[in-house]
Amino acid sequence: MSKNKNAWLNLKDDEKQKVMDLNKKYIDFLNVSRTERLANREIIRQAKENGFVDIEDLIAKKTQLKAGDRVYVDQKGKAVLMFVIGSDPIDEGLNIVGAHIDSPRLDLKQNPLYESDGLAMLKTHYYGGVKKYQYATIPLAIHGIVFNKSGEKIEINIGLDEDDPVFCVSDLLIHLSKDQLSKSMNDGITGEMMNVIVGNMPLKDEEKDAVKANILKLIKEKYNFEEEDFKVAELEVVSATKARELGLDRSMVLAYGQDDRICAFATLEAILEVKNPKRTALAIFADKEEIGSVGNAGMDSHMFENAVAEVVNLCGDYCHLRLMRALRDSKVLSADVSAGYDPDFAYAFDKLNSAYIGNGVCINKYTGSRGKGGSNDANAEFLNEVRKVFDDAEVTWQTAELGAVDQGGGGTIALLLSKYGAEVVDCGPAVLSMHSPHEISSKVDTYMSYKAYKAFME
């Protein structure tokens, strides 16, 4: 690693423009990948454009994989796994970078729509770790799918285009906030108060809930579904603000969903450039990490194991022992963000063991909380191996833990991959305002993450 801690100062003469160009692509990626479904679609689009083939097509044709082949697995439209087949036997292990594409947000309840005192509103249930007050008064968008009674799958994307309306959770005016302001920040706005305002215009000649009736009329006319179809819908509410450059020097990005789509983007850019690796390279884009990696597209399912099994089979001579050896001998970067040191909240960090935005990709030996609970805790042998890979690739990197020991903590998918016996360490850029509707990253850290992931997979 170079003596300079700041990654901007370690760039070669031609690299600053590469940083800026890469982040233009990153901003575009964020703006089209605002949910896990939309991210899945964009990742697969780019995969296909770069020669990756759907594994289902190969299975149907009983096609054997060979070194250099590129294949992807679409898991329920919510997760993606992309493989580049190496020249070494796959049972000698894979080089894996695993990110997730879900982010904290609000989800509509199954019976969301109601009217109260002249306002039509949608009830929500927050997803992942959020500070609820941060969602009040900001412009919100609604994305997802609904099925009507005819079985038609209807895609909903409202709030991002300039001509779209947006939505909002209200807050109490300062003039009447005496009681509210005496409460803790956690209780000033509760989960049941996070109701999204969607209308105020009553339907003429409607006696009861006329505003709600008008909203249902508009929904039927424009989207062809009815109120009871909300019961079988999957609708997410996220910030309607587009990703933007931050700072007079344009050195940062301000955007929703950077945890963990910054790592997903860097992983995608990296594997698209991996051509003929010795060990098979795998990029994972998982769902449900923010709520414990549950569900059939989360890393706590058999999604990963099943996908690798299919690839082992297509590489010939399948047996369960070969699969287990492939998983055991894999090496993994759990690509997730770290907490960037914030001088306004210095009490929450150990300054000597914090990540700083602009100082390159961060290696977190362990995460967890309450004595490293829920952590993978990588061993020194693997850390030394990763250090050599990064140094040889001229990657600027740093080490950190999530924050001060007794302030809290968090986890990643690392422990779910290490259970096979694989070597795993957490590795990603630091961000400020993590889990807020608008997170902050440094452009150079995104670039260094891409360089790190590419070097590791190659």
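The values are calculated or read from the model by the stated rules, or taken from the named source; none is laboratory data. Here the structure is a predicted model, which is why all the values come from computation and not from measurement. Here the Cβ positions follow ideal geometry from the backbone for every residue, glycine too, while neighbour counts run over all protein chains shown. The accessibility values were calculated without ligands, DNA or RNA, using every heavy atom of the protein model including side chains. Shrake-Rupley method; radii C 1.70, N 1.55, O 1.52, S 1.80 Å.
If you roll a 1.4 Å probe over region 322-411 with all protein chains in place, what percent of the accessible area is carbon or sulfur?
Answer for region 322-411: carbon and sulfur cover 49 percent of the accessible area.
Tell me, what % of the accessible area of region 1-125 is carbon and sulfur with a 1.4 angstrom probe?
Carbon and sulfur atoms account for 48 percent of the accessible area of region 1-125.
Based on Cβ point charges of +1 for Lys and Arg and -1 for Asp and Glu, what charge dipole magnitude is obtained for the chain about its Cα centre, in debye rounded to the nearest 20?
660
Assuming a ≥ b ≥ c are the square roots of the Cα gyration tensor eigenvalues, decide whether region 1-93 counts as rounded (a/c under 1.5), prolate (otherwise, with a/b larger than b/c) or oblate.
Numbers: a/c = 2.80, a/b = 1.54, b/c = 1.82.
It comes out oblate by the Cα gyration axes.
Give the residue from Ala380, Gly408, Leu323 lying farthest towards the positive end of the charge dipole for the chain; charges sit on Cβ (+1 for Lys and Arg, -1 for Asp and Glu) and the dipole is referred to the Cα centre.
The one lying farthest along the dipole's positive direction is Ala380.
Can you list which of the GluC sites (Glu not before Pro) found in region 242-308 are DSSP loop residues with at most 16 other C-beta atoms within 10 Å?
Values: sites: Glu245, Glu269, Glu273, Glu289, Glu290, Glu305; in loops: Glu273.
Here the sparse-neighbourhood loop sites are Glu273.
Is it possible to state the helix-based mean residue ellipticity at 222 nm for the chain, with each DSSP H run of 4+ residues giving -39500 (n - 2.57), the sum divided by total residues, to the nearest 500 deg cm²/dmol? What is it? Walk me through the intermediate numbers first.
On the way: 12 runs with 130 residues, N = 458.
So the calculated ellipticity at 222 nm is -8500 deg cm²/dmol.
Per 0.36 nm of contour for each residue apart, how much would the distance between Leu248 and Met20 grow if the chain were fully extended, relative to their Cα-Cα spacing?
80.7 nm
For a label point 7 angstrom out from the Cα of Ser87 toward its Cβ, which stretches of region 438-456 have the backbone nitrogen within less than 20 Å?
454-456
Given a Förster radius of 51 Å and the C-beta distance between Asp392 and Lys217 as r, what FRET efficiency does 1/(1 + (r/R0)^6) yield to the nearest 0.05? Each step should come with its number before you reach the end.
Values: r = 63 Å, r/R0 = 1.24.
It comes to 0.20.
If I model a spin label at Ser116 and Asp161 as a point 7 Å from the Cα along the Cα→Cβ vector, what separation in nanometres do I get?
The answer from the label model is 3.2 nm.
Does region 231-298 classify as rounded, prolate or oblate by the C-alpha gyration tensor (a ≥ b ≥ c root eigenvalues; a/c under 1.5 gives rounded; else a/b over b/c gives prolate, otherwise oblate)? Let's see the in-between values first.
On the way: a/c = 2.77, a/b = 1.07, b/c = 2.60.
Judged from the Cα gyration tensor, region 231-298 comes out oblate (a/c at least 1.5, b/c at or above a/b).
For the ranges 114-124, 429-439, 414-424, what's the packing order if you count other beta-carbon atoms within 10 Å of each residue, average per peptide, and put the highest first? Walk me through the numbers on the way to the answer.
On the way: 114-124: 16.9, 429-439: 22.5, 414-424: 20.6.
Result, highest mean Cβ count within 10 Å first: 429-439, 414-424, 114-124.
To the nearest 20 debye, what charge dipole does region 1-121 have about its Cα centre, counting +1 at the Cβ of each Lys and Arg and -1 at the Cβ of each Asp and Glu?
Using Cβ point charges on Lys, Arg, Asp and Glu, region 1-121 gives about 240 debye.
Of all trypsin sites (Lys or Arg not before Pro) in region 257-305, which ones are in loop regions per DSSP and have a Cβ with at most 11 other Cβ atoms within 10 Å?
Sites meeting the loop and neighbour criteria: Lys275.
Percent of accessible area on region 147-264 owned by carbon and sulfur, 1.4 Å probe?
The value for region 147-264 is 53 percent carbon and sulfur by accessible area.
Considering the alpha-carbon set of region 147-269 alone, what are its Rg and its Dmax in angstrom?
19.4, 57
For Met201, Met457, give me the order by solvent-accessible area with a 1.4 Å probe, most accessible first, ignoring ligands, DNA and RNA.
Per-residue accessible area, sorted high to low, gives Met201, Met457.
Specify whether the C-alpha gyration tensor of region 282-380 places it in the rounded, prolate or oblate class, a ≥ b ≥ c being the square roots of the eigenvalues: rounded for a/c under 1.5, otherwise prolate if a/b is larger than b/c and oblate if not.
Cα axes put region 282-380 in the prolate bin.
Looking only at Cα atoms, what is the convex hull volume of the chain per residue, in Å³?
Hull volume normalised by residue count: 162 Å³.
In terms of modelled amide H atoms, which long-range or inter-chain residues lie less than 5 Å from the amide H of Asn148?
Ile154
What size of dipole, in debye to the nearest 20, comes out for region 70-112 about its Cα centre when the only charges are +1 on Lys and Arg C-beta atoms and -1 on Asp and Glu C-beta atoms?
Roughly 400 debye for region 70-112.
Any idea of the accessible area per residue across the chain, 1.4 Å probe, to the nearest Å²?
Per-residue accessible area for the chain comes out at 46 Å².
Please give the solvent-accessible surface of Tyr72 in Å², to the nearest 10, using a probe radius of 1.4 Å with every protein chain present.
10
Sticking with the crude label model, points 7 Å out along Cα→Cβ, report the distance from Gln64 to Glu228 in nm, one decimal please.
So the two model labels end up 5.5 nm from each other.
Please list, ordered by chain and number, the residues whose modelled amide H lies under 5 Å from the amide H of Arg105; skip anything fewer than 5 residues away on the same chain.
Answer set, sorted by chain and number: Tyr127.
May I ask you to compute the full-extension gain from Arg41 to Asn200, defined as 0.36 nm times their residue separation minus their alpha-carbon distance, rounded to one decimal in nm?
Separation in residues times 0.36 nm, less the Cα-Cα distance, equals 53.8 nm.
Towards the positive end of the charge dipole of region 97-173, with charges on Cβ (+1 Lys, Arg; -1 Asp, Glu), say which of Pro104, Ile158, Thr137 has the farthest Cα.
The listed residue farthest towards the positive side: Pro104.
What's the extension gain from His302 to Asn186 if we count 0.36 nm per residue and subtract their Cα-Cα distance?
Gain on extension, His302 to Asn186, equals 38.2 nm.
Between the helical axis of 15-32 and the dominant principal axis of the chain, each derived from Cα atoms, what acute angle in degrees is found, rounded to the nearest 10?
With both axes taken from Cα atoms, the answer is about 40 degrees.
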